Amino acid sequence: MKKKKDMTEVFSRLRKDLRSFIALSLKENEATWEKWISSVKKDVGVKCWEVKNCTETHCPSYKNTCGRCWLIAGTMCDGKPVGKFASKYKNCTECEVYQKAVLSDPVDEVYEHLITLVYSLRDKQLELKAMALHDKLTGLFNRAYFDLVIKQEIKKAKRYGGGFTVHIVDINNFKHINDIYGHLHGDGILREFALMLKNSIRESDLLVRYGGDEFVIISHETSAAKDSGMMARIRRNISFWNKVYGSENYSLSFSHGAAVFEKGHELKEVLEKADARMYKEKEQNREKNRPSG
């Protein structure tokens with residue numbers, strides 16, 4: 001009878017934990033995930049760092065309040081094992097810590113399998129989200145992410161005042177690069193260019209591959225003087241790249257246009273203005289490089 005009552009309590013707790021996870025996962029942020037971890041944590045009687053007399057304080061599971069080293073530093077969620085103890089096992093189920101903590105009781109084992117499933121679903125959720133919001137070629141955020149974030153930036157600008165600057169950066173003669181050197185080479189140029197942009201912006205700026213060879217930077221500065229520092233860094237990085245990889249017949253350059261979004265403006269209008277300025281600079285670059293006579 002006591003065993004039946006214990007099972008009822010276990011399944012009641014499990015139902016509650018799973019409902020909580022579903023509700024929190026819809027919010028999709030790290031704080032709610034940590035809240036769920038805290039809510040389901042139990043006093044895992046067997047702790048890996050005690051069993052192994054471990055002093056690897058850099059290990060993410062070392063004295064972790066969750067206590068589930070098989071999830072945090074092991075292989076149960078397709079992760080890479082961390083630490084010399086975990087690395088000798090193909091799977092955490094082989095480890096004596098897991099066996100002692102989980103396999104000694106069938107109820108605990110079922111519960112832990114479900115917790116592991118939740119962790120795995122969370123990993124896949126994060127992986128799919130990252131894939132959906134990142135450009136596969138360059139690793140930068142993509143246009144879908146831009147569309148999400150820009151709505152929040154517009155709300156802030158309309159509510160609190162201030163604004164932001166939209167920069168459009170486009171590689172010059174990119175079609176020519178693809179036609180002469182091939183698309184694989186062109187892909188390499190896009191990756192290199194994206195890295196140079198990333199290394200040139202501030203931490204608070206947003207960099208997006210907007211499409212093709214066009215990139216958008218959202219800067220929270222609305223002063224051209226302050227943003228000129230960012231553009232100078234980009235040009236300096238491009239110049240250095242050309243010294244190392246360029247030649248008489250081949251050098252990398254870009255065209256740039258910018259416009260400020262402030263309260264009372266529409267995003268479409270600002271993007272069109274920045275785009276027009278970028279194309280104007282592109283045409284000026286063509287004229288400058290056109291052979292005379």
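Read the figures in this text as sums done on the coordinates, not as results from a lab. The structure displayed is predicted, hence computed values, not measured ones. Methodologically, a virtual Cβ is constructed for each residue, glycine included, from the backbone with ideal geometry; neighbour enumeration extends over all protein chains shown.
Positive-end ranking of Ile234, Tyr250, Pro60 along the dipole of the chain, with charges on Cβ about the Cα centre, is headed by Pro60. When the pairs Lys243/Lys280; Lys63/Lys155; Lys90/Lys198; Lys35/Lys100 are compared against a 30 Å limit on Cα-Cα distance, Lys63/Lys155; Lys90/Lys198 fall above it. When log10 I(q)/I(0) by the Debye sum over Cα atoms at q = 0.15 Å⁻¹ is calculated for this entry, the matching label among (i) -1.37; (ii) -1.22; (iii) -1.09 is (iii).
If amide H atoms are built 1.01 Å from N in the plane of the peptide, which residues on other chains or at least 5 residues away come under 5 Å of the amide H of Met76? Residues meeting the amide H criterion: Cys92. Derived scalar couplings between HN and Hα for the range 273-286 equal 5, 5, 5, 4, 5, 5, 5, 5, 5, 4, 5, 4, 5, 5 Hz in order, rounded to whole Hz, by the Karplus curve 6.51 cos²θ - 1.76 cosθ + 1.60 (θ = phi - 60°), x for Gly and Pro. Tell me the angle of helix 224-245 to the major Cα principal axis of the chain, expressed in degrees between 0 and 90 and rounded to the nearest ten. Once rounded, the angle reads 90 degrees.
Could you give the angle, 0 to 90 degrees to the nearest 10, between helix 106-133's Cα long axis and the longest principal axis of the Cα atoms of the chain? Orientation of helix 106-133: about 0 degrees from the principal axis. Each residue in Glu109, Glu203, Glu214 was given a count of other beta-carbon atoms within 10 angstrom of its own, and listing them fewest first yields Glu203, Glu109, Glu214.
For the chain, the relative contact order works out to 14 percent when only alpha carbon pairs closer than 8 Å and six or more residues apart are counted. For the range 237-293, the relative contact order works out to 31 percent when only alpha carbon pairs closer than 8 Å and six or more residues apart are counted. The distance between label points at Glu272 and Arg191 comes to 3.8 nm (points 7 Å beyond Cα on the Cα→Cβ vector).
Amide hydrogen proximity for Phe164: with H placed 1.01 Å from N in the peptide plane, the residues at 5 or more positions away or on another chain lying under 5 Å are Phe261. 3J(HN,Hα) along the range 94-103: 7, 7, 5, 5, 4, 4, 6, 7, 10, 7 Hz, from the Karplus curve 6.51 cos²θ - 1.76 cosθ + 1.60 with θ = phi - 60°, whole Hz, x for Gly and Pro.
From Cα pairs below 8 angstrom and at least 6 apart in sequence, can you work out the relative contact order of the range 143-289, rounded to a whole percent?
Details: 179 pairs, mean separation 49.5, N = 147.
Once normalised by length, the contact order is 34 percent.
Taking Cα atoms only, the orientation of helix 2-25 departs from the longest principal axis of the chain by about 10 degrees.
When you filter the GluC sites (Glu not before Pro) in the range 244-288 for DSSP loop state and at most 11 other Cβ atoms inside 10 Å of their Cβ, you are left with Glu248, Glu266. Extension gain, Lys280-Lys88: 0.36 nm per intervening residue step, less the Cα-Cα distance, totals 63.0 nm.
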